[in-house]
Structure formats: C-alpha cells, structure tokens
Amino acid sequence: MRLRSVWYIVLIAALTAACSRSAQHYLESGNAYFEQEKFREAIVEYRNALQKDPRLGEARQKLAEAYIRVGDVQNGFQEYIRAADLLPQDRALQVKAGNLLLLAGRFDDAKARAEKVLAAHPDDVDAHILLGNATAGLRDLDAAIEQVEQAISLAPNQGRTYANLGAIQLAKGDAAAAEASFKKAVEIDPRSVVGHLALAEFYWANGRAADAESALKTAHQLDPRHLLANRALAAFYIASQRLPEAEPYLKTIVEINKSPRESLQLADYYVMAGRQDEAVTLLEQIAADRTAFAEANARLAAIEYSRGQKAEAHQAIDGVLAKEPNNPRALLVKAEFLLAESKTDEALAKTRAAVAADARNAEAHYRLGTILASTGQADEAIAAFNETLKINPRATAAQVQLARLQLAAGKAGPAVQYAQQA
C-alpha cells in the first residue's frame, strides 16, 4: 500500500508537470505569434495556455496586451486585472491595472492598487502618480496635488510628473498654475510626445486652438508613428470641422495597429465626410474578417438606410442579427431604424436588448436614456444616463441630458451641477 501511494504521488507529479509543460508550450507559441504581430493567433495560443493553467499570470498579461492590440479593450481590461491579481509582486503591472481602473471610473479600486504598491515601495513614482490621479477622481483635489507633488520630489527631472500635476490643477480650476506645470513638463523633457500632447489638451480646453494645433504638430514631429499623437491630431481636425486634414492621421493609425477597429473608425470618417462610396468599399473589406462581420455590416446597413434603401437596410441588419442576435451594435442600428419610423416601443425593446447583451456598453445605456426621456419616463432615463457615466465618466452628452431632466423636474441645483461637470 505504501508503494502504491508513492506511485500515485509520482503519477500526479508527472501529470502536473505535463500540464505545466503544455501550458508553457502554448505560452511560448503565443509569444512567437506576438513578436510577428499576429495578435489574433497569439490570443488563441494564450487562451489555450490558460485552459491548461488558469493561474499562469504571464499568459494572462500577454493575452491582455494582445487583446488591446486588436482593439478589444474590454477583454484586454479584464485580463490585465486578472493578471495583476495573479502577479501581486509585479508593481509595474499593479500600476498599469490601476491606470486602467482609472479609465473605467473605478477610482476606489485604482487607489487601493496604488496604496498596496506604496506600502512595499514608498518611493515608487508611478504609484504616487496613480494615487494622485485616483484621489483626484474621488474629487479630493488638494490631496491629489499633494500626492503628485510628492512624486515630483522623488523624480524632479521627469516631465510626466509635472504633466499630471497640471491636469489636476486644471481640474481644480487653477488654469494659470496648470499652464505653468504643463510648460515645465515640456521644458524638462522637450522630446516627450506625451508632454506636448498634455500641453496641447490644455490649450484646446481653454479655447486656444492655434496653440493647441502647434503643440500637437510638435508631438507628431517628434514621433510621426506615435499612436496617441495621430489620434489627437485626427480628433482635433474633426472637431475643428477641418475634415480633409484628419485623413492622413487616421490612415496612419490603421497602418500602425492593423486592426478592424481602426479601419472601422476610418470608415466612420468617410461617412462623416460624405464619402460614402469609399466607406462602403472599406466596410466590405472589413466584413471579410469574421471578428468584425457584425460591426461592418451594421454600418453598411446604416448607409443603405441613409440612402433611402430602407427595405434593403432592414434586410441587411436582420441578416446580421440572424447570425449574431445579441450583437449590441446591430441591435442599436435596428433600434435607430425603428425610431426613425416612429416605432418607439419596438426601438425601446431593441435598445434594452443591446443593454442586456453588453451591460458595459455606454452607447447602449445612453441610447436607452434618450428614448426613455422622449417618452416621459424620466426616472428610468436618469438611471440610464447615470449608468452611462459609471461606464464612461467623460460622457459629456449624458451629463447634458441629466441637466435637462433635472431642470425639467424643477431641480435647478443638480441641473447646474451636471451642466458644470459637462
């Protein structure tokens, strides 16, 4: 019996080692694809690795990076958080997860990540910056400034610390101090693309369009293939109604990322610019990618509808829903068609289905809120707009809608507050 027990232990150890080797094999295969920029193939291999060993933190982290590279931000976010939970000693990963939590508006969770890193590494500059930004998100701006000033004292020659300080000072309403901090960031590190972008955003927010454009161009000249610099310039020219000047930057983004998501944004630009034929050509190419089938065909259906081909548009979107009945984009497009035809109840049902299909879809919650508001269901509309802001705290349109609803209810104080936030 003792010999049999030893045999069982040896056998279990051998099986465990085999599983581990198998997971490692998939991880290495995924890494090879990742190096070749074959991110979709890498995702398959990393997921295979995690089926063998769900606690393989390195595979979770690489899977997160691969998701981000193909434009799947939601899955990328979730995998980064899981990876950080599995690798608690990796402080760079903890800070990265914290910054993603910031973007999701989960300021308490982001603050907790920062405090955990600082408990073990009190001189970690990135963790101090994260804590400052999380504290700012919780509206304690004085404490946030103190945190970032502490980061500056630890790294006085890093421009990014001053850029973060400027952002918080701007949120506090101290434009003069913010401008000085943004300029200091650029002075310390004149070749920092992010520093020039931060200065440009400050100018843009303060209505200084010419200064903003100059700072954006400087950032782009420093690194013509910097993804954020190209995005910022494209956004600036679109917002300034200078659409032709945005196109080269959008095309560069497609070249850099090579993902359907970027190509879909270029197609949206063509529609916005009234170049529907070019949009159709590009969308038909994108639709060949099975991961973007629904998104591309939903846009094609919307173009058909805008051209007056309503029957064909309905047929096209119904075809998408037949294959992917829970696709939020397709459900929202169908709802728009129904709303345009005054079929409000049916549109509302489709919009609710989009929310049910993806509870983290800010656009679906916002559309739901607009329909509810138009039908006099103010309380439900307010709940939908508040949900929109939980998902995306920077959704200005939702804040404006909430201001209107509060004003209509005779609540001037909350209405003013939402308008000021917007």
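The values are calculated or read from the model by the stated rules, or taken from the named source; none is laboratory data. Computed from a prediction, not measured in an experiment: that's the story for all the values here. Cβ placement follows ideal geometry from the backbone for every residue including glycine, while neighbour counts extend to all protein chains displayed. Each accessible area value is taken on the protein alone, full model and side chains, heavy atoms only, with ligands, DNA and RNA left out. Shrake-Rupley method; radii C 1.70, N 1.55, O 1.52, S 1.80 Å.
The table that follows gives values for the structure above.
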{"read-out": "Where a residue in the stretch 201-212 is touching a residue at least 12 places away in the same chain (Cβ under 8 Å) and farther than 16 Å from ALA167 by Cβ and its partner, wherever it lies, is surrounded by 13 or more Cβ atoms within 10 Å (Cβ to Cβ) and among the small types (Gly, Ala, Ser), with Cβ under 8 Å and at least six apart", "value": "ALA209/SER240"}
{"read-out": "Sole residue being more than 23 Å from the chain's Cα centre (by Cα) and closer than 17 Å to ILE317 by Cβ, chosen from LEU222, LEU283, LEU300, LEU264", "value": "LEU300"}
{"read-out": "Qualifying positions in the stretch 348-377 - more than 27 Å from ASP72 (Cα to Cα) and open to solvent by 40 Å² or more (accessible area, probe 1.4 Å)", "value": "SER374, THR375, GLY376, GLN377"}
{"read-out": "Among the residues listed as ASP123, ASP142, the single one being within 21 Å of SER181 (Cβ to Cβ) and open to solvent by 30 Å² or more (accessible area, probe 1.4 Å)", "value": "ASP142"}
{"read-out": "Every residue from the stretch 145-158 that is in a helix (DSSP H, G or I) and either surrounded by fewer than 24 Cβ atoms within 10 Å (Cβ to Cβ) or without any contact (Cβ under 8 Å) to a residue 12 or more places away in the chain (or both)", "value": "ILE145, GLU146, GLU149, GLN150, ILE152, SER153, LEU154"}
{"read-out": "Failed criterion for ALA384 (all others in (1) among the small types (Gly, Ala, Ser); (2) assigned to a helix (DSSP H, G or I); (3) surrounded by fewer than 19 Cβ atoms within 10 Å (Cβ to Cβ) hold)", "value": "(3)"}
{"read-out": "Number of the condition not met by TYR237 [criteria: (1) touching a helix residue (DSSP H, G or I) at 6+ places or on another chain (Cβ under 6 Å); (2) open to solvent by 20 Å² or more (accessible area, probe 1.4 Å); (3) farther than 24 Å from VAL70 by Cβ; (4) not hydrophobic (A, V, I, L, M, F, W, C)]", "value": "(2)"}
{"read-out": "Failed condition for ALA246, given (1) more than 18 Å from the chain's Cα centre (by Cα); (2) at positive phi", "value": "(2)"}
{"read-out": "Conditions (1) within 21 Å of ALA177 (Cα to Cα); (2) modelled with pLDDT of 95 or more; number of the one not met by PHE202", "value": "(2)"}
{"read-out": "Residue among ARG225, ARG242, ARG231 that alone is out of contact with any helix residue (DSSP H, G or I) (no Cβ under 8 Å at 6 or more places or on another chain), of a type in the set (D, E, K, R) and more than 20 Å from ALA330 (Cα to Cα)", "value": "ARG242"}
{"read-out": "Subset tally (residues that are crowded, with 24+ Cβ neighbours inside 10 Å and either touching an Asp or Glu at 6+ places or on another chain (Cβ under 6 Å) or small (Gly, Ala, Ser) (or both)) for the stretch 302-327", "value": "0"}
